[in-house]
Amino acid sequence: MLGHRLVPEGFVATVDAESVFIAGMLDACPLPMLAFDRDARCVARNSAADRAFGIGTPQLVGRAIREVGFSIGETLLDDAWRRAIGGERCTRGPLCFAPVHAGSEIIGGLITVTGGAASGDESSATPARAILDALPNALFAYDRELRITEWNAATASVNHLAREEVIGRGLLDVFPYIRGTPIEEEHRRTVAGEVIDARDRCWTPTGHEAPRWYDVLYLPLRDATGVVTGGVVATTDVTSRREAEDELANERRLLRTVIDSAPFGLLAFDAALCITEWNALAERAMGLRRAVVIGRRLVDVLPGIEGTQALRDYQRALAGETVAVRERWYASPNGGMRCYDAVFAPMHDGRGTVIGGVMIAIDVTARVHATAERDRLTRIVEATPDVVAIGDARAQTLTYVNRAGRELLGIGPQETDIAVREFLTAKELAFVFDVVVPTATRDGVWRGEISMRTRDGRTIPMSAVVVGHADATGAPAYLSGILRDMTVEKRHEAELAAARERAEQASGAKSAFLAGMSHELRTPLGAVIGFAQLLRDGHAGPLTEKQREYLDDVLIGARHLRVVVDDTVDLARIEAGIMDIRPEPVDLGALVDEAIVTVSVLAAERGVALEREIDPHVQYVVADPARVRQVLLNYLTNAIKFNRPGGRARVEVAAEGDGGVRLSVWDTGRGIAQDDLTRLFVEFQRLGVDDVGGSGLGLAITRRIVEAMGGAVQVESTPGAGSAFHAVLPVTPDASVDVSRWRSTPAEARTRSE
């Protein structure tokens, strides 16, 4: 059906026997013929045109008349063409133009190459030469000795060598760089009768231009008897195609990257429910690689989907329906469950026919869990008895109040956007705007008390915590608050305050009674001790041995009673808050020496050795010397009384931290059980020690004195090995005391203190 080259679709409505015969005659015509449509684009050519144009003739189809390269001039060419499609026949040089009819309608034109020049050299060129030079692909021919016999215009342009420069020259002379390469071998294989089709070859003809890509076809040339007389090479520049393919590949890679970077799982499927696309998130979610699932059926890749609503959604997409699903749970490969929002949508071809579908799934498990958690927290907040409220950033409107708050303030369950000023007095409202909101916004939180007014007219004192919340930019977004009704607490506080006042009054009365009684007790007690001592010393006359024993018992009992009275009065004065502390610079070294001298007689009686160790850097403190002496004597007396014969008692003065001094008394006595240590500094706690005298108030008074001077007491003990009692005092002097004049030598300081 060679004639079909001149009977393309559009030129005849029906290809019947007569049309085929006419086309066959045209194809048998020895003159080259080219058919064009009304837009002057080539739609067909006959066999003579094939022979005249040479290899690559199909490249002419689709090209405009002007692009063929006829050299009669564009003006003559356009004029002749307009005449042809207007119904005239005309001749311009070697070209004959005629209209082509379909019935009474002119559908195009026919150009017949009748002879003469077609490429500018009218004396020698042939129509075949004109058409050959008009070809867009490079073409050259050579004989069996690889001498060039033909060289068209495109070849001349590509290689920058005119036809006259190469005709008759050897191929290896024109292209020396192909010597010894596979390209030389391909030329020789062609003259041996072999056809070689080489695709996508990269070639830079001069070595200076950018590389270009070519499809190369090697064909042997034969004479009428079929003997190979040479070869021909047709080279088609496919750089633009290659660039388009590269661009398409880049676009595909970009599309692949976009699809794989998408924050949702995506799979596409064809009309047979076979998977055609499967992105990276789908790989991670399902644990299946893309290469494994492409081309497989959905029911094989997802076996649990058979008979489910999910499979029906895929089928609905193939039917042309878009299906949106929210919060559907699926089993994950690791055995857990994940929740997804999904969309099933059809895919269409260019004509609107459904050719498959796509499913996009977004994992909303975290959102669903967060929603469930939010609902759980909302139920908790609704159930809490405290008032929980949320308002705008300026505290103008309440956007949420929990059930306890609604019931307390009288807010209906359906009310929204409630004005804050409705529940505050003018004074409280100003306080909220001036203090609460700025503090919560600036510091993040405000804590305090405010009074709120309910709708039934009650005023309720409330403790409140107001928190300021910011948006992503750091700007204030809203305020939240937790408030508690303090009515009961305020009533209890008032009752406790009244009870405390009554107790303080009673304690003051007790202390006043004891202070008054101390005078009444000390005066006669002093007389008893004084007269008993006079009698014991024989000032009233000689005494018998028995009388001396009786007087010794009286003196012991009276002196013990005086200690008890003194301790009791001291404790009463401390509890009444009337203990007088007079700080002044104290030389601890001198004070320790005085205390050791005071207790030395008692220590000698008990066989206890006394030691001292003073850190010279902390020898001086500002404290009440009388009270420090009282503390030290109390510790030393206990260390001697509760020691063993031949034991030791050591006084130490050392630094404590950055701003304190530790006054310690160590002994080697019986020690104290760990369970009893917490009761040591409590009034009247003697811990079952009945063999040593005492009132049980000494350590309690010591603790009160040390604490009154800003210090603290400590104790450590090991049963059977001894104990250590400490008094930690601050070194920092009172601001009203000038200590600099006491910081000379220890001797001078001791002299001044005396």
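The values are calculated or read from the model by the stated rules, or taken from the named source; none is laboratory data. From a predicted model like this one, the values you see are computed outputs, not experimental measurements. When we count neighbours, we look across all protein chains shown, and the Cβ atoms used for this are built from the backbone with ideal geometry, even at glycine. For accessibility, only protein heavy atoms count, side chains too; no ligands or nucleic acids. Shrake-Rupley method; radii C 1.70, N 1.55, O 1.52, S 1.80 Å.
How about the range 372-423: which trypsin sites (Lys or Arg not before Pro) there lie in a loop by DSSP and see at most 14 other Cβ atoms within 10 Å?
The qualifying sites are 394.
Starting from the Cα-Cα distance between residue 525 and residue 243, subtract it from 0.36 nm times their residue separation and give me the gain in nm to one decimal.
89.2 nm
Output the Cα-based Rg and Dmax of the range 388-432 in Å, rounding Rg to one decimal and Dmax to a whole number.
Radius of gyration, then largest Cα-Cα span, for the range 388-432: 10.4, 29 Å.
Please list 3J(HN,Hα) in residue order for the range 604-610, calculated via the Karplus relation 6.51 cos²θ - 1.76 cosθ + 1.60 where θ = phi - 60°; whole Hz, with x for glycine and proline.
Running phi through 6.51 cos²θ - 1.76 cosθ + 1.60 with θ = phi - 60° gives 5, 4, 8, x, 10, 7, 9 Hz.
If you filter the range 159-203 for GluC sites (Glu not before Pro), then keep DSSP loop positions with at most 14 other Cβ within 10 Å, what is left?
The qualifying sites are 194.
Of 620, 478, 142, which has the most accessible area with a 1.4 Å probe, and how do the rest follow in descending order?
In descending accessible area the options line up as 478, 620, 142.
On a C-alpha basis, how far is the centre of the range 310-339 from the centre of the range 638-655 in Å? Whole number, if you could?
86 Å
Net charge within 14 Å of residue 278 by Cβ-Cβ distance, Lys/Arg positive one each and Asp/Glu negative one each, not counting residue 278 itself?
Computed value for this residue: +1.
Taking the full set of protein chains and a 1.4 angstrom probe, give the accessible area of residue 651 in square angstrom, rounded to the nearest 10.
0 Å²
Hey, got the dipole for the range 432-493? About the Cα centre, +1 on K and R Cβ, -1 on D and E Cβ, debye to the nearest 20?
Computed about the Cα centre, the dipole is about 200 debye.
I'd like the Karplus ³J(HN,Hα) series for the range 146-151: coefficients 6.51, -1.76, 1.60, θ = phi - 60°, whole numbers in Hz, and an x wherever there's a Gly or Pro.
Computed from phi, the couplings for the range 146-151 are 6, 8, 6, 10, 8, 7 Hz.
Select from the range 158-227 those chymotrypsin sites (Phe, Trp or Tyr not before Pro) which occupy a DSSP coil region and have at most 11 other Cβ atoms within 10 Å, ordered by residue number.
Passing both the DSSP loop test and the Cβ count: no residue.
Test of understanding: express the Cα radius of gyration of the range 131-260 as a ratio to 2.2 N^0.38 Å, with N the residue count.
1.25
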